[in-house]
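Engineer: Attaching a single structure in structure tokens format; questions to follow.
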Amino acid sequence: MSYVIGIDLGTSAVKALLLDRHGKIVSEASRSYPLYHEHSGWSEQRPEDWVQGTLEALNELTGKADVPIHSIEGISFSGQMHGLVLLDSEGNPLRNAILWNDTRTTEECREIELALGDRLLDITRNPALEGFTLPKILWVRKHEPDIFAQAARFLLPKDYVRYRLTGALHMDYSDAAGTLLLDVANQEWSAEVLAAMELSMSFCPSLIESHGLVGTLLPEPAARAGLSPATRVFAGGADNACGAIGAGILQEGLTMCSIGTSGVILAYEQDSGSDYGGRVHFFNHGKSDAFYAMGVTLAAGYSLSWFKNTFAKQESFAELLAGVEEIAPGSRGLLFTPYIVGERTPHADSVIRGSFIGIDGSHERVHFARAVMEGITFSLNESVDLFRRAGKEIDTIISIGGGAQNPVWLQMQADIFNADVVALENEQGPGLGAAMLAAFGCGWYASLKDCADSFVKRASVFKPQPAAVGVYAELFRTYQQVYRQTRELNEALQPYRG
Ligand SMILES: Nc1ncnc2c1ncn2[C@@H]1O[C@H](COP(=O)(O)OP(=O)(O)O)[C@@H](O)[C@H]1O
Ligand SMILES: O=C(CO)[C@@H](O)[C@H](O)COP(=O)(O)O
């Protein structure tokens with residue numbers, strides 16, 4: 001039997017999956033790492049933590065699996081998007097990585113808009129948002145000129161890990177699309193955007209397809225990972241592109257919901273023709289010559305993790321959420337908005353913060369826990385609503401990510417989205433998608449679609465329950481008012497955030 005490995009470099013942890021030729025998961029391992037929030041709105045990680053975490057997870061994975069190392073033919077990556085890793089001319093990181101959920105760059109976004117006007121959306125298909133990579137590059141240039149003077153090239157998180165494992169510098173189209181430097185339709189670095197921002201082409205790594213071969217493993221990381229140095233390494237993709245591959249979102253009409261640290265509603269696009277006017281992100285898929293549109297909730301799983309870490313640190317998610325299924329939809333009048341690090345879709349806003357509205361003396365912790373789950377799902381429903389208003393038919397949604405581990409949340413998604421929600425046998429869509437890119441790259445299948453037919457395994461379907469759908473449809477309208485009604489209050493509170 002032969003095997004492939006998919007590595008998902010998430011925000012909370014790196015997760016590694018070993019799959020056999022039939023798409024059966026043989027072994028899993030993960031390592032978590034910290035997030036650093038030095039100031040309100042800042043979010044950083046240490047690139048070295050990713051590398052060490054990946055090597056440790058791989059070592060555990062291969063140790064547990066007990067398969068001949070030469071039978072592991074390929075490895076590929078899925079990675080948290082947009083994070084800036086700045087390298088010096090020797091390939092060493094110059095500072096911590098600035099992550100996708102860091103919102104310090106509002107001023108730089110305005111500068112980009114001023115310099116490029118409508119051309120930005122024409123070329124990159126996306127507006128200037130704090131989370132994207134280009135504003136982070138401009139922030140370092142302005143605020144840390146000594147560091148920027150040493151910067152020879154930039155990478156995204158999984159590209160850095162892959163570089164350390166192989167010595168080869170690359171970026172795939174699906175992740176490059178999230179930098180705001182790519183001409184998305186033509187799949188090339190935009191000379192026009194680079195010139196307007198006074199950045200040189202040599203600052204950007206060479207581009208490659210997600211299933212493209214970048215090389216083999218260097219001897220030292222191979223030994224530490226328990227792998228053969230002959231293992232072939234394929235580029236991989238942005239976590240949402242890989243999540244889409246791992247959920248089988250490979251043709252028009254299919255939609256995905258992912259609740260990881262962020263939350264995402266993603267719809268497949270066969271060509272670059274759709275025009276959402278920048279209201280949702282529009283990126284290259286990990287499948288060649290295909291695209292996807294998506295809305296993003298900045299703090300989806302992160303809101304639940306924040307709630308757990310703040311009020312029930314010692315408990316597991318299962319303990320924290322015990323009993324939520326007994327609480328009726330609406331959490332007895334308690335409403336949560338998950339804007340705890342700002343928001344992206346539909347309100348691109350780094351100032352807004354979260355709220356609990358309607359706290360009553362009868363509320364217990366379990367009502368708060370359910371309200372957090374509902375608020376996150378309402379936020380994702382704003383993206384579902386946006387797609388429906390743009391004419392997309394959404395009747396079935398494949399659900400992945402850590403949040404998909406909880407059946408009550410899956411039923412809640414079906415009731416709030418008013419769509420069938422499909423759970424997969426394993427919720428780790430991005431890792432599975434990365435493994436599929438390796439399987440396709442190794443030539444096991446003629447197409448990613450063929451690979452999906454044997455790797456993507458549906459487990460159960462959650463149908464919308466009419467009574468709950470009705471309650472949630474009413475509550476959703478109230479939820480939508482909270483943003484407008486708390487915007488000004490949050491502006492007044494901003495100076496006290498530190
Ligand atoms: N048992 C569970 N029930 C509900 N949600 C969970 C559970 N386990 C994890 N989560 C949620 O999943 C999130 C992590 O999802 P994951 O897909 O691993 O994220 P990432 O890829 O960003 O590291 C956590 O922040 C948490 O909110
Ligand atoms: O910023 C985005 C997408 O634009 C996020 O979706 C990141 O890609 C992080 O993903 P997770 O760690 O939540 O999977």
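The values are calculated or read from the model by the stated rules, or taken from the named source; none is laboratory data. As the structure is a computational prediction, the values presented were derived from the model and not from experiment. Here the Cβ is made from the backbone with ideal geometry for all residues, glycine too, and neighbour counts use every protein chain on show. Remember, those area values only see protein heavy atoms, side chains included, never the ligands or the DNA or RNA. Shrake-Rupley method; radii C 1.70, N 1.55, O 1.52, S 1.80 Å.
Engineer: Multiply the residue separation of ARG365 and GLU38 by 0.36 nm, subtract the distance between their alpha-carbon atoms, and state the gained length in nm to one decimal.
Structural biologist: 114.8 nm is the gain from fully extending ARG365 to GLU38.
Engineer: For LYS136, list the lysines whose Cα falls under 25 Å from its own Cα; do not include residues on the same chain fewer than 8 positions away.
Structural biologist: LYS158
Engineer: Next question. Rounded, prolate or oblate: pick one for the stretch 448-498, where a ≥ b ≥ c are the square roots of the eigenvalues of its C-alpha gyration tensor, a/c under 1.5 means rounded, and failing that, prolate if a/b is larger than b/c, else oblate.
Structural biologist: It is oblate, given that a/c is not under 1.5 and a/b is not larger than b/c.
Engineer: What does the net charge come to around ILE69 if you take all other residues with beta carbon closer than 14 Å to its beta carbon, with K and R at +1 and D and E at -1?
Structural biologist: After counting each charged neighbour, the total is +1.
Engineer: With θ taken as phi - 60° and the coefficients 6.51, -1.76 and 1.60, list the Karplus ³J(HN,Hα) couplings across the stretch 84-93 in order, rounded to whole Hz; mark glycine and proline as x.
Structural biologist: Residue by residue, the stretch 84-93 yields 8, 10, 9, 10, 7, 5, 8, x, 9, x Hz.
Engineer: Right, here's the next one. Taking the dipole about the Cα centre of the stretch 3-240, with the C-beta of Lys and Arg at +1 and of Asp and Glu at -1, give me whichever of ILE7, LEU18, LEU121 is farthest to the positive side.
Structural biologist: Working it through, the farthest residue towards the positive pole turns out to be LEU18.
Engineer: So, one more: Per DSSP H run of n ≥ 4, the term is -39500 (n - 2.57); total these for the chain, divide by its residue number, and report the mean residue ellipticity at 222 nm rounded to 500 deg cm²/dmol.
Structural biologist: -11500 deg cm²/dmol
Engineer: If you roll a 1.4 angstrom probe over the protein chains with everything in place, what fraction of the accessible area of the chain belongs to carbon and sulfur, to the nearest %?
Structural biologist: Carbon with sulfur: 50 percent of the solvent-accessible area.
Engineer: While we're here: Scattering from the C-alpha atoms of the stretch 110-253 alone, worked out with Debye: what is log10 I(q)/I(0) at q = 0.09, 0.14, 0.18 1/Å?
Structural biologist: -0.33, -0.75, -1.10
Engineer: In terms of Cα to Cα distance under 15 Å, which aspartates and glutamates are near enough to LYS308, apart from those fewer than 8 places away along the same chain?
Structural biologist: Once the sequence-local aspartates and glutamates are set aside, what remains near LYS308 is GLU319, GLU364.
Engineer: Given a 1.4 Å probe, how much area per residue of the chain is accessible, in Å²?
Structural biologist: Roughly 37 Å² per residue, with all protein chains present.
Engineer: Given Cβ point charges of +1 (Lys, Arg) and -1 (Asp, Glu) and nothing else, what value in debye, to the nearest 20, does the dipole of the stretch 3-240 about its Cα centre take?
Structural biologist: Using only the charged Cβ atoms, the result is roughly 560 debye.
Engineer: Beta carbons within 10 angstrom, averaged per residue: use that to sort the peptides 118-128, 7-17, 481-491, highest first.
Structural biologist: Taking the mean over residues of other Cβ atoms within 10 Å, the ranking is 7-17, 118-128, 481-491.
Engineer: Determine, for each peptide in 92-102, 206-216, the mean count of other beta carbons within 10 angstrom over its residues, then list the peptides with the highest first.
Structural biologist: So the order, starting with the most tightly packed, is 92-102, 206-216.
Engineer: Excluding same-chain residues fewer than 8 positions from LYS392, which lysines have a Cα within less than 29 Å of its Cα?
Structural biologist: The qualifying lysines are LYS287, LYS449, LYS457, LYS463.
Engineer: Now a separate question. Under DSSP H, which helices of the chain have Cα atoms covering 20 Å or more of the helix axis and a Kyte-Doolittle average no less than -1.0?
Structural biologist: Qualifying helices: 47-65, 365-389, 466-493.
Engineer: Whose amide H sits under 5 Å from the amide H of GLU269, counting only residues 5 or more places off or on another chain, with H placed in the peptide plane?
Structural biologist: Placed amide hydrogens put PHE291, TYR292, ALA293 under 5 Å from GLU269.
Engineer: VAL341's amide H: which non-local residues (gap 5+, or another chain) put their own amide H closer than 5 Å, with H modeled 1.01 Å from N in plane and none for Pro or chain starts?
Structural biologist: Those qualifying (amide H under 5 Å, at least 5 residues apart or on another chain) are ALA299.
Engineer: Rounded to the nearest 5, what % of DSSP beta bridges with both residues in the chain are antiparallel?
Structural biologist: 70 percent
Engineer: Taking the Cα centroid of the stretch 239-263 and of the stretch 396-460, what is the distance between the two, rounded to the nearest whole Å?
Structural biologist: About 7 Å separates the Cα centre of the stretch 239-263 from the one of the stretch 396-460.
Engineer: Let me spell out the model: positive unit charges on the Cβ of Lys and Arg, negative unit charges on the Cβ of Asp and Glu, origin at the Cα centre of the chain. What dipole size does that give, in debye rounded to 20?
Structural biologist: With Lys and Arg at +1 and Asp and Glu at -1, about 580 debye.
Engineer: For a quick protection proxy, order the peptides 192-203, 329-340 by their average other-Cβ count within 10 Å, most packed first.
Structural biologist: 329-340, 192-203
Engineer: Here's a follow-up. Under 5 Å between amide hydrogens, which residues at least 5 positions from ARG153 or on another chain qualify, with H placed 1.01 Å from N in the peptide plane?
Structural biologist: LEU87
Engineer: For a test of the definition: using alpha carbon positions, the gyration tensor, and the 1.5 limit on a/c, classify the stretch 222-304 as rounded, prolate or oblate.
Structural biologist: Because a/c hits 1.5 or more and a/b fails to exceed b/c, the stretch 222-304 counts as oblate.
Engineer: Taking the Cα centre of the stretch 329-401 as the origin, how large is its charge dipole in debye, to the nearest 20, when only Lys and Arg (+1) and Asp and Glu (-1) carry charge on their Cβ atoms?
Structural biologist: Dipole size: approximately 80 debye.
Engineer: Between the stretch 100-174 and the stretch 1-28, what's the alpha-carbon centroid distance in Å?
Structural biologist: 29 Å
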